[in-house]
1. Would you please name the residue that is surrounded by the fewest Cβ atoms within 10 Å (Cβ to Cβ), looking only at residues in the range 165-184 that are under 20 Å from Thr130 (Cβ atoms) and more than 18 Å from the chain's Cα centre (by Cα)?
2. Condition (residue is assigned to a strand (DSSP E or B) and within 24 Å of Asn294 (Cα to Cα)) applied to the range 136-143: is it met by at least one residue?
3. Residues in the range 150-164 that are closer than 13 Å to Asp132 by Cβ and either aliphatic (A, V, I, L, M) or part of a helix (DSSP H, G or I) (or both): how many?
4. Out of the residues in the range 9-48 meeting the condition of being β-branched (Val, Ile, Thr) and closer than 24 Å to Leu63 by Cα, tell me which one is modelled with the lowest pLDDT.
5. Criterion first (assigned by TED's automatic domain parsing to the domain that holds Glu303, at pLDDT 95 or above and farther than 24 Å from Leu13 by Cβ) does Thr164 satisfy it?
6. Taking into account only those residues within the range 264-290 that are assigned to a helix (DSSP H, G or I) and modelled with pLDDT under 90, which is surrounded by the fewest Cβ atoms within 10 Å (Cβ to Cβ)?
7. Which residues, counting only those in the range 160-196, are of a type in the set (Lys, Arg) and within 24 Å of Pro241 (Cα to Cα)?
8. Out of the range 102-119, which residues are surrounded by 12 or more Cβ atoms within 10 Å (Cβ to Cβ), out of contact with any strand residue (DSSP E or B) (no Cβ under 7 Å at 6 or more places or on another chain) and among the hydrophobic types (A, V, I, L, M, F, W, C)?
Amino acid sequence: MPATSLSKSLANLAGFGLQELSSVEPEIWSDVMCGLREVVEQKQFDRLAAMANCAQSQIAQVLATTDDASAKSSQDRLTFIRAKMTVLAIEQFIAAFFGSDSRPSFKDRLVMSRLLLPVLERGRLLTQKTFDRRWSWVSHGTCAASMIQKAGFWSIPTTELCLTIKNYTNDKDLLEVGAGRGLFVSGLSQCGVAVIGIDDHSWDQAATPINSALPHLRRLVARDALRQMKPKAVLSVWPPPGNIFERDIFATDSVEIYLAIVSKHRFASGNWADYQSATSQTGRFKCVTSEPLNHLLRPIEAEQQLLVFRR
């Protein structure tokens, strides 16, 4: 297969879902499922983050080398499919783990649709006390948290959290990488933070940015934004497991502080291999977190933590 044909087929495969990929290579899918089933059955969930990180690296490597000699093109294609299947299957498991397949009760759907989701859609910032009072009317917190995440809001900023982030950045201009719908950008700007959010829109295209965030959002890939803006302070909220952009954040010389809101379950978000590398003896960052700090994160059922990396 010529390199140009390979590149085209990979571009097509990149848009395939799990069902489509499994129909293209059912044997590979069976092998991927066997490996994941073993990890899940043994409850070795931290291994999922390493598997996702490895798969993301393989995808990036294959896409970067498609112009090479075509001798390995067939193997590249199979490697790409296996890695893509692995990433999608892990994401599917994470969604199931957090209860997104459970159906919320009528009462919870009513509370969310009347009291919480409209507030988030408008980018309105709530105090922690107000959010907690409204959240207390929810019967099943895990299902409600899943509803919020399905709407594109992985973590909910409160006034107290935004002011804490402002204190950590010490009035530096802030870049949010992977800003998504812009909820944190909107909340932080309301607290007086000079923030720009960037996203490459690789997430669900149907989830449109909230209006109050639009003036602060840019469509850029992380590497380009970091090179152009040279930010001193960077934020990322629920970066995907095994992502490749956090490595670029740590490698950017201008970055003095990086704030990452991630799941307490390492397989669910964040590039933990790069966290370890950045904070090792040869790394250039120190990382702190604390329960009082993590207690600011909402909803509590999402089991999140705020990691503060300082150069």
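1. Lys166
2. For the range 136-143, residues assigned to a strand (DSSP E or B) and within 24 Å of Asn294 (Cα to Cα): absent.
3. Number of matching residues: 4.
4. Looking at residues that are β-branched (Val, Ile, Thr) and closer than 24 Å to Leu63 by Cα, I get Val24.
5. For Thr164, the condition - assigned by TED's automatic domain parsing to the domain that holds Glu303, at pLDDT 95 or above and farther than 24 Å from Leu13 by Cβ - is met.
6. If we take residues in the range 264-290 being assigned to a helix (DSSP H, G or I) and modelled with pLDDT under 90, then Ala273 is surrounded by the fewest Cβ atoms within 10 Å (Cβ to Cβ).
7. Correct list: Arg181 only.
8. Scanning the range 102-119 gives Leu110, Val111, Met112, Leu115, Leu116, Leu117.
The values are calculated or read from the model by the stated rules, or taken from the named source; none is laboratory data. Computed from a predicted structure; not experimentally measured. So basically every Cβ, Gly included, is an ideal-geometry build from the backbone, and we count neighbours across all protein chains shown.
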